[in-house]
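**Student:** Have a look at this one.
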Amino acid sequence: MYPHERSLVSRLEDEPFALIGINSDPKEDYFEAIARENITWPSFWDGGDTSGPIATKWGVTGWPTIYIIDHEGIIRDKNKRDERMDEVVDRLLEKMKGG
Amino acid sequence: MLVGARKAEVPSSLHAEKGLVTMRWVRRTSRIRFPLGALLLSLVSSGCSKEERAASALAELGEAYTASELGSVDKFTEFTARYQELTERYSGTQAAMDAEKWLMTGTSAAEEEAASAELAALKEAYSESDLGRTEKNEEFTPKYQTLAEDYWGTDAALEAKFWVMRRAPRDERSATIGEDTDAIFERYGQSLHIKRLGELITNFSEEQREEYFGELRENSPHPEVRAAAIYDLARYIKRFMRYGMVEDSPENREKADSDLRLLMEEYADVPKGGVTYGVMADAVLNAYTDEDLAIGQPAPEIVGVTADGDEIRLSQFLGKVVVIDFWGDW
C-alpha cells in the first residue's frame, strides 16, 4: 500500500492534490511506520486504536477505507485503490482544470 | 444487633471480600467512639465534619488518579502511597474504608512489571511460532493460563486470561465464560484493570452483558471503569443493532443514546486512549449515516491533531483534490 501511495504523492507533487491519512496506530507504531516507510503526507492521529473518534464518527470498520474528494469538498468516490485510485484522482484534477 | 445494623451500611461490594470489608468496618466503628472529643473539636474549628473532609479528599484523589498521565505501574506506586496516607489520616470514615478497598485489590509495581514482561515475551513467541493456528493455540493456551494464575491480580494476567477465554472451544465456551468472569470479578471487581472487560463483550450473552457491565457501572470505585462499562455496552448496542445482532427497537436505541449522553455530561473528561469519553460518546452518538457519507455529499469537516500534536483540519485542503485514507500499520 505504501509504495503506491508514495508514487502517487510524488507524481502529483506540483498538482492541487493532497493525500491525507487518518491513522489508527498507537503513537510509537505510527512514528515508526512514518520513518520506515518514508511517509511524507500529513496524517490525523486518531487516538491510538481502531476505535478512535474519527473512525468511529465516520463508521469505519475496515482498513484501509478510502474517500476521494474533489476540490470543492464533495465526496466523489470510495474505496478505490492502486491504479483505480489514480484514475479517479486524475479525472477529478482534469475536471477541475477544465472548469 | 449493632453489628447487624452496621452491616446494612456497608456498600455492596462486588461478590468477594464482603466478609473482609464488614470486619474492617466493625473494627473502625469501634475506633470512632474513642476520639470523639477530637472529632467534635475539629468539627467546630473547621465548620465541616471529618467525614465530609475525608470524602472530598477521596474525591480529589480519584480525580488526580484519573488525570494522571503516568504509566499504570508508576501510577499504581504513587497512588498506593496516597491512598494509604488517606486511610491513616481519616481513619474511621467511610472514605477511608473506600480507600482501603482500593488498596486491597492493588498489586505491587514489581509484580505488574514482571507480569507484563512475561506476557510480552509470550506474545512474541506466539507470533514467531511456525506452527499452524490450531496447534499454536493448543500449545500456547496452557502457557497463557499459567501466566494468568501466577500473576493473578495484575493487568497482564487479566489480558492473558482473556486470551485463554477467547480461545476456549466453541461448545464449552458459554459454560466456562460465566464461571471465568465470576472469578475475574472476585479478584478484579474493585480494581482499575477490569476496565478491559469490554474486550470480551462480544463473547457474552445478552444477560451476561447486562449483569457484568451493570455491576461495574454501579459499583466500581474508579470513574474510568464506570465510564468504560457504560461506553462499551452503549457502543456494542449501537454497532450490533446495525448488523441485526441486537434488536433494533426504540427502547434499545434510547437506552444506548441516553447512556452516551450521560457520559458526555458526567464522564466527559475521563481519559480513553488518547482522547476522552466525552469525545468518544459524541462520536458514537453523532456518527454519520451512510447517506451523510454518500457519493455526491459534501465531506464532513474533520478537526484533529497530528501525532506531533499540531492541529489539522480537512477544510484546510479545500481547492485540492483529496484522498482520505484511513490506514494503520498492521
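The values are calculated or read from the model by the stated rules, or taken from the named source; none is laboratory data. Because the structure is predicted, anything quoted here is derived from the model rather than measured. Methodologically, a virtual Cβ is constructed for each residue, glycine included, from the backbone with ideal geometry; neighbour enumeration extends over all protein chains shown.
**Student:** For the range B:215-230, state whether one or more residues are within 20 Å of B:Leu197 (Cβ to Cβ), among the acidic types (Asp, Glu) and touching a residue at least 60 places away in the same chain (Cβ under 8 Å).
**Tutor:** The first filter runs over the range B:215-230 and keeps only residues within 20 Å of B:Leu197 (Cβ to Cβ), leaving B:215-230.
Imposing the further condition that a residue be among the acidic types (Asp, Glu) reduces the set to B:215, B:218, B:224.
Checking which are touching a residue at least 60 places away in the same chain (Cβ under 8 Å) leaves us with B:215, B:224.
Yes, because at least one residue in the range B:215-230 is within 20 Å of B:Leu197 (Cβ to Cβ), among the acidic types (Asp, Glu) and touching a residue at least 60 places away in the same chain (Cβ under 8 Å).
**Student:** Looking for whichever is modelled with pLDDT of 90 or more, part of a helix (DSSP H, G or I) and exposed (fewer than 14 other Cβ atoms within 10 Å of the Cβ) here; the options are B:Ala121, B:Ala110. Which one fits? Talk me through it step by step, then tell me what you get.
**Tutor:** Values: B:Ala110 fails: modelled with pLDDT of 90 or more.
Matching residue, one of B:Ala121, B:Ala110: B:Ala121.
**Student:** Taking the conditions exactly as written (among the small types (Gly, Ala, Ser) and at pLDDT 95 or above), does A:Ala33 satisfy them or not? Spell out the reasoning first.
**Tutor:** On the way: among the small types (Gly, Ala, Ser): yes; at pLDDT 95 or above: no.
Spelling it out, it is not the case that A:Ala33 is among the small types (Gly, Ala, Ser) and at pLDDT 95 or above.
**Student:** Which of the residues that make up the range B:211-231 are modelled with pLDDT under 95 and of a type in the set (Asp, Glu)?
**Tutor:** Of everything in the range B:211-231, those that are modelled with pLDDT under 95 and of a type in the set (Asp, Glu) turn out to be B:Glu218, B:Glu224.
**Student:** Taking the residues in the range A:63-94 that are at the interface with another protein chain (Cβ under 7 Å from one of its Cβ atoms) and assigned to a loop (DSSP other than H, G, I, E, B) as candidates, determine which candidate is farthest from B:Asp232 (Cα to Cα).
**Tutor:** A:His71
**Student:** I would also like to ask the following. Working only within the range A:21-62, note down all residues that are charged (D, E, K, R), outside any loop (DSSP other than H, G, I, E, B) and either at the interface with chain B (Cβ under 7 Å from one of its Cβ atoms) or under 16 Å from B:Gly304 (Cα atoms) (or both).
**Tutor:** Of all residues in the range A:21-62, those charged (D, E, K, R) come to A:25, A:27-29, A:32, A:36-37, A:46, A:49, A:57.
Those left that are additionally outside any loop (DSSP other than H, G, I, E, B): A:27-29, A:32, A:36, A:57.
If the condition is that a residue be charged (D, E, K, R), outside any loop (DSSP other than H, G, I, E, B) and either at the interface with chain B (Cβ under 7 Å from one of its Cβ atoms) or under 16 Å from B:Gly304 (Cα atoms) (or both), then A:Lys27, A:Asp29, A:Lys57 are the ones that fit.
**Student:** Can you spot a residue in the range B:134-148 that is touching a helix residue (DSSP H, G or I) at 6+ places or on another chain (Cβ under 8 Å), closer than 30 Å to B:Glu60 by Cβ and not assigned by TED's automatic domain parsing to the domain that holds B:Ile201? Walk me through it before giving the result.
**Tutor:** Going through the range B:134-148, the residues touching a helix residue (DSSP H, G or I) at 6+ places or on another chain (Cβ under 8 Å) turn out to be B:136, B:140-141, B:143-145, B:147-148.
Then keep just the ones that are closer than 30 Å to B:Glu60 by Cβ; that gives none.
Scanning the range B:134-148 turns up no residue that is touching a helix residue (DSSP H, G or I) at 6+ places or on another chain (Cβ under 8 Å), closer than 30 Å to B:Glu60 by Cβ and not assigned by TED's automatic domain parsing to the domain that holds B:Ile201.
**Student:** Give me the pairs: first residue in the range A:1-20 and within 12 Å of another protein chain (Cβ to nearest Cβ), second residue assigned to a helix (DSSP H, G or I) and of a type in the set (Phe, Trp, Tyr), beta-carbon distance under 9 Å, and six or more apart or on different chains, which are they?
**Tutor:** Matching pairs, first to second residue: A:Ala18/B:Phe317; A:Ile20/B:Phe317.
**Student:** Examine the range A:34-41 for a residue that is aromatic (Phe, Trp, Tyr) and touching a residue at least 40 places away in the same chain (Cβ under 8 Å), and state whether such a residue exists.
**Tutor:** As a first pass, look at the range A:34-41 and keep what is aromatic (Phe, Trp, Tyr): A:41.
Adding the requirement that they be touching a residue at least 40 places away in the same chain (Cβ under 8 Å) leaves none.
So far as the range A:34-41 goes, no, none of its residues is aromatic (Phe, Trp, Tyr) and touching a residue at least 40 places away in the same chain (Cβ under 8 Å).
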